[in-house]
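Heads up, the thing below is written out as structure tokens.
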Amino acid sequence: MIRGLRPRHRTMRSLPARRIPAAAQRPCGRDCPATRLRRRPPHSHGGHATMQPDTIPPEDYAVDGIARVEVAANVDVAVHWVAMNQYHFPSIVDTTAGGTGAFINPSGTLVSSPEAVRLDRERITVYAVNQAWHQALGVPLPADPYEHMHVPGRPKLEAAVNACYRLDKPGKHCAVTITPEIKVHPYTAADKPPTLTAALLSSSGSVAVLSVAIPGKTATVALGPAPQAGKPWTAIGWPTTPAATAKPATVQGRYDAKGSVSAQDIATLRTRLGTGMSGSVLVNARGAVTGMLSPTGHSVDVVPPDRITEALDKGGVQSARGPGDSSMANGLSLYAKHEYRHAATWLHSAADDTGQGAVAVRYHEAAHANSGTPADMSDAVDAHTGHNPAASGTDWTLIGPIIGLVVLAVGVLAFALRHRRLRLVEETAAAGPSLADARATLVSTLLRGFRAAKNEPATAPIGSVPSAGEDRERSAPDQPEPYQEEDAATPSKAQGTYCARCGAFLSPGDRFCFACGAASPRR
């Protein structure tokens, strides 16, 4: 280096080396994702200190959406020998069936292999019948509980027992009823991992479509492109019921020249995946499904994504991703760039939106533990991009009191308006009749004056209730009035008067004012 010149940018190589305690880096021990990431040498890019992104294992993108599928049966056996005995055997698991299933939408739809969900009814029947006769008469169980019973020295009893093994043919001494069920065990870190019950929607070709009634929150897998020659794949399967601390069985390989899996790789898959091979998926480097393994006899069919989509269309469902899947992808991308503080937020959302997916929880714990350590590049990225988390955050210490004052002002204004309205009502009632009453009085006065001028009987104001006498007069039929000679000495009756309260015109004989309701208010 020439004297007097200094390096323009300070890279990670020039930073002093600091050893981070192992407990702070790997809170999850040997299962921590950091122990399985491939570290690359640091470098400088863009004028700020960064690290080369790590490589996330392909299975970590998808394993939270992959579950163990088991086939079981509820069996009822009725034994009739001297007396009738009935026995119920719940959830007898068929150990020869089962496999792996992948959630393809948040509604609880899975895809698997038809062989994984095919119940061996004969095997289940033999097991249940053996248990029933053993409990009823003490017939000794065979060494293999799935073999037929033998009753030495009692040929009739042995014949009755063997008659029970016939499928769907109840006999004189025995009847067997089988109700199959499919159980799904998702990969979760919840305290009480759920066991979901699924129904078989369709099983055509090499794809079985299942539906979980109440899936809750679950992760899903993405359907990727078709298999391509020479491209790597990672097989993921569950040979046993998954636990939070367990990991799925995985196998790595490459597609051959025909875009299929070689016979050598098939043999390895059978050995490594075991009963989890049926329905296991092959994913690419980003965790997208490029194939599904569907064994048929001694051969294995690699089902491409387009055939999976066709099977879904026949079942009336579609593939979709959930909110937790996008959060998981963003969190893993930031985690690989060593932006642990940024990744922790996304991974926390992913864990909540996937029902505490085991991998999401594991990465969140590791990101949270590494946040703020020298290995965390979040601050360096914020300084380079000009992003200030403190400035962009919401200052509730200032906004909270302002919201409280606004709510208080609105409440005081509403109370004042209501009080003013009540006061106006009271003042109007104390001052006299309302505007409507005044209009009714005016109309009544005009009508009475007009009818008095025409020498017609007055009528009650519009909208008033007539008295009983007036009602009878109106309802009486018209009759001729008797002639009565007027006495000149007798003074005529008053032609009318006015109400002393409201000034309305009153007819002779009115006992109250029809306008304001006052009793005998003449003046």
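The values are calculated or read from the model by the stated rules, or taken from the named source; none is laboratory data. Keep in mind that this is a model prediction, so the values were computed, not measured. All Cβ positions, glycine included, derive from the backbone under ideal geometry; neighbour counts span all protein chains shown.
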Practice prompt. Scan the stretch 250-272 residue by residue and report those that are crowded, with 19+ Cβ neighbours inside 10 Å and either assigned to a loop (DSSP other than H, G, I, E, B) or in contact with a Pro (Cβ under 6 Å, 6 or more places away or on another chain) (or both).
Written response: 255, 261
Item to complete: Tell me, please, whether a residue that is of a type in the set (Gly, Ala, Ser), over 20 Å from residue 115 (Cα atoms), out of contact with any strand residue (DSSP E or B) (no Cβ under 6 Å at 6 or more places or on another chain) and assigned to a loop (DSSP other than H, G, I, E, B) can be found in the stretch 292-309.
Response: no
Worksheet item: Can you tell me which residues in the stretch 160-172 are modelled with pLDDT of 90 or more and closer than 17 Å to residue 83 by Cα?
Response: 160, 161, 164
Practice prompt. Go through the residues of the stretch 257-270 one by one and say whether even a single one is under 32 Å from the mean Cα position of the chain (by Cα), at pLDDT below 95 and charged (D, E, K, R).
Written response: no
Discussion item. Tell me whether the stretch 94-104 contains one or more residues that are buried (at least 20 other Cβ atoms within 10 Å of the Cβ), touching a helix residue (DSSP H, G or I) at 6+ places or on another chain (Cβ under 8 Å) and hydroxyl-bearing (Ser, Thr, Tyr).
Written reply: yes
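To keep it simple, each residue is scored yes or no on (1) modelled with pLDDT under 95; (2) within 30 Å of residue 167 (Cβ to Cβ); (3) not basic (Lys, Arg).
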| residue | (1), (2), (3) |
| --- | --- |
| 43 | yes, no, yes |
| 54 | yes, no, yes |
| 59 | no, no, yes |
| 69 | no, yes, yes |
| 85 | yes, yes, yes |
| 103 | no, no, yes |
Worksheet item: With (1) farther than 26 Å from residue 93 by Cα; (2) surrounded by fewer than 16 Cβ atoms within 10 Å (Cβ to Cβ); (3) touching a Ser or Thr at 6+ places or on another chain (Cβ under 9 Å) as the list, and residue 246 as the residue in question, which single condition is left unmet?
Response: (1)
Item to complete: Could you tell me whether any residue of the stretch 326-342 is out of contact with any helix residue (DSSP H, G or I) (no Cβ under 9 Å at 6 or more places or on another chain), part of a helix (DSSP H, G or I), surrounded by fewer than 18 Cβ atoms within 10 Å (Cβ to Cβ) and among the hydroxyl-bearing types (Ser, Thr, Tyr)?
Response: no
Practice prompt. Have a look at 97, 208, 116 and point out the one that is of a type in the set (A, V, I, L, M) and modelled with pLDDT under 95.
Written response: 97
Discussion item. Please pick out the residue among 309, 296, 354 that is within 30 Å of residue 97 (Cβ to Cβ), among the hydroxyl-bearing types (Ser, Thr, Tyr), surrounded by 12 or more Cβ atoms within 10 Å (Cβ to Cβ) and at pLDDT 95 or above.
Written reply: 309
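So that you can scan it fast, the table gives a plain yes or no per residue for (1) over 28 Å from residue 291 (Cβ atoms); (2) surrounded by 20 or more Cβ atoms within 10 Å (Cβ to Cβ):
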{"site": "175", "(1), (2)": "yes, no"}
{"site": "178", "(1), (2)": "yes, no"}
{"site": "202", "(1), (2)": "no, no"}
{"site": "208", "(1), (2)": "no, yes"}
Discussion item. Any residue at all in the stretch 183-196 that's touching a helix residue (DSSP H, G or I) at 6+ places or on another chain (Cβ under 7 Å), within 29 Å of residue 293 (Cβ to Cβ), assigned to a strand (DSSP E or B) and among the aliphatic types (A, V, I, L, M)?
Written reply: no
Fill in: Output for the stretch 71-94, where each listed residue is touching a residue at least 60 places away in the same chain (Cβ under 8 Å) and either outside any strand (DSSP E or B) or of a type in the set (Phe, Trp, Tyr) (or both)
81
Worksheet item: Of all residues in the stretch 123-167, how many are of a type outside the set (A, V, I, L, M, F, W, C), in contact (Cβ under 8 Å) with a residue 12 or more places away in the chain and in a loop (DSSP other than H, G, I, E, B)?
Response: 6
